[in-house]
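Trainee: This is the structure, below, for whatever I ask next.
We did not get these values from a lab; they are worked out from the coordinates using the rules stated. These numbers were taken from a predicted model, which means no experiment stands behind them. In this analysis, Cβ positions are derived from the backbone assuming ideal geometry, glycine residues included, and neighbour counts consider all displayed protein chains.
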Amino acid sequence: MAIRSVCDPIFNKPLEDISFAQVLIGLFDTARQFEMQVQPQLVLLQKTLLYVEGLGRQLYPKLDLWETAKPFLEDWVSEQMGVKAFLKQTKQNLPYWLEKAPQMPELVFSSLKSIEAIPKMKQDLVSEYTLMQHRQQKFFKRLCIFSISSLAVLLITLFADVNNDQRWFVADCLLALLAAINAWKLRK
């Protein structure tokens, strides 16, 4: 629908009324809007359109590109996507398909088995993710306790009167012990 909104305004118009630059800007904006990667072939086609526009405006500005190109495009589409193209492709691929035909039941069976295993794989992945998330939360909790207790030990040692007040000394030792225990648990 977005591409149609870009291209509809130029259908059935003579070359003098068409600005391919505006069309290209619209196409690039649409590609950006849908986060599409622009293929090099499209860029080359757009470059060719700009050349055709410039040359066409100089030679014959009243030229209707769509009417001129219609027979060529119809022939190309029928060659690429018509019944003849389908039959030609089928004829080319038939030996390969016949060669692979005996393996088809086994391939279908293995595909169905794989599809059957998807819910179990999904459940296993969810369980593994939940376990890893739990471990990460536990690690983060221990890291926080270690950091806070280490900071508290440092602050008490620097600013409290540990030598004259026995309570600060005991608190300092308990916090240091808590930090050491959490540091040991973080190693796991």
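Trainee: Cross-link candidates for K84: which aspartates and glutamates have Cα within less than 13 Å, leaving aside residues fewer than 8 places away along the same chain?
Mentor: D75
Trainee: For K100, give me every one of the lysines with a C-alpha distance below 16 angstrom, ignoring sequence neighbours fewer than eight places off in its own chain.
Mentor: K91
Trainee: Could you list which residues have their amide H under 5 Å from that of D64, counting only those 5 or more apart in sequence or on another chain, with H placed in the peptide plane?
Mentor: Under 5 Å from the amide H of D64 lie the amide H atoms of L15, each far enough along the sequence or on another chain.
Trainee: Here is a follow-up. Kindly give Rg over Rh for the chain, based on alpha-carbon atoms, with the Kirkwood expression for the hydrodynamic radius.
Mentor: Rg divided by Rh gives 1.40.
Trainee: Could you point to the residue in S78, N164, N93 farthest towards the positive end of the chain's charge dipole, with +1 and -1 charges on the Cβ of Lys/Arg and Asp/Glu respectively?
Mentor: N164
Trainee: With the calculation restricted to Cα positions, what are the radius of gyration and Dmax of the range 2-70 in angstrom?
Mentor: Gyration radius and largest Cα-Cα distance of the range 2-70: 12.6, 38 Å.
Trainee: Projected onto the charge dipole of the range 118-186 (+1 at Lys/Arg Cβ, -1 at Asp/Glu Cβ, origin at the Cα centre), which of I118, A152, L175 gives the Cα projection farthest towards the positive end?
Mentor: It is I118, whose Cα lies furthest towards the positive end.
Trainee: Please turn the phi angles of the range 70-78 into ³J(HN,Hα) values with the Karplus equation 6.51 cos²θ - 1.76 cosθ + 1.60 (θ = phi - 60°), one per residue in order, whole Hz, x for glycine and proline.
Mentor: Listing the rounded values in order: 3, x, 5, 5, 5, 4, 5, 5, 5 Hz.
Trainee: From the backbone phi of the range 36-45, what are the Karplus-calculated ³J(HN,Hα) couplings (6.51 cos²θ - 1.76 cosθ + 1.60, θ = phi - 60°) in whole Hz, Gly and Pro given as x?
Mentor: For the range 36-45, the Karplus curve yields 8, 8, 7, 6, x, 4, 5, 5, 5, 4 Hz.
Trainee: Which lysines, on any chain, are close to K122 with Cα under 30 Å apart, when same-chain ones fewer than 8 places away are left out?
Mentor: Reachable lysines: K113, K138, K141, K188.
Trainee: Another question about this same structure. Considering the dipole of the chain built from charges on the beta carbon (Lys and Arg +1, Asp and Glu -1) around the Cα centre, which of L107, Y129, Q58 is farthest to its positive end?
Mentor: Y129
Trainee: log10 I(q)/I(0), Debye, Cα-only the range 118-186, no solvent, q = 0.12, 0.15, 0.17 Å⁻¹?
Mentor: -0.47, -0.59, -0.66
Trainee: Please turn the phi angles of the range 133-146 into ³J(HN,Hα) values with the Karplus equation 6.51 cos²θ - 1.76 cosθ + 1.60 (θ = phi - 60°), one per residue in order, whole Hz, x for glycine and proline.
Mentor: Values per residue, Gly and Pro as x: 5, 5, 4, 5, 5, 5, 4, 5, 4, 5, 5, 5, 4, 4 Hz.
Trainee: Between L155 and F169, with labels modelled 7 Å along Cα→Cβ, what's the label distance in nm to one decimal, could you check?
Mentor: 2.3
Trainee: Within the range 1-72, list the trypsin sites (Lys or Arg not before Pro) lying in a DSSP loop whose Cβ has at most 13 other Cβ atoms in a 10 Å radius.
Mentor: Sparse-neighbourhood loop trypsin sites (Lys or Arg not before Pro): K62.
Trainee: For the chain, what is the mean residue ellipticity at 222 nm derived from helices alone (per DSSP H run of n ≥ 4: -39500 (n - 2.57); sum divided by total residues; nearest 500 deg cm²/dmol)?
Mentor: Rounded to the nearest 500, it is -28000 deg cm²/dmol.
Trainee: Assigning unit charges at the beta carbon (Lys, Arg +1; Asp, Glu -1) and nothing else, what dipole magnitude in debye, to the nearest 20, does the chain show about its Cα centre?
Mentor: 880
Trainee: Ranked highest first by the average count of other Cβ atoms within 10 Å around their residues, in what order do 72-80, 172-180 fall?
Mentor: Output ranking for 72-80, 172-180: 172-180, 72-80.
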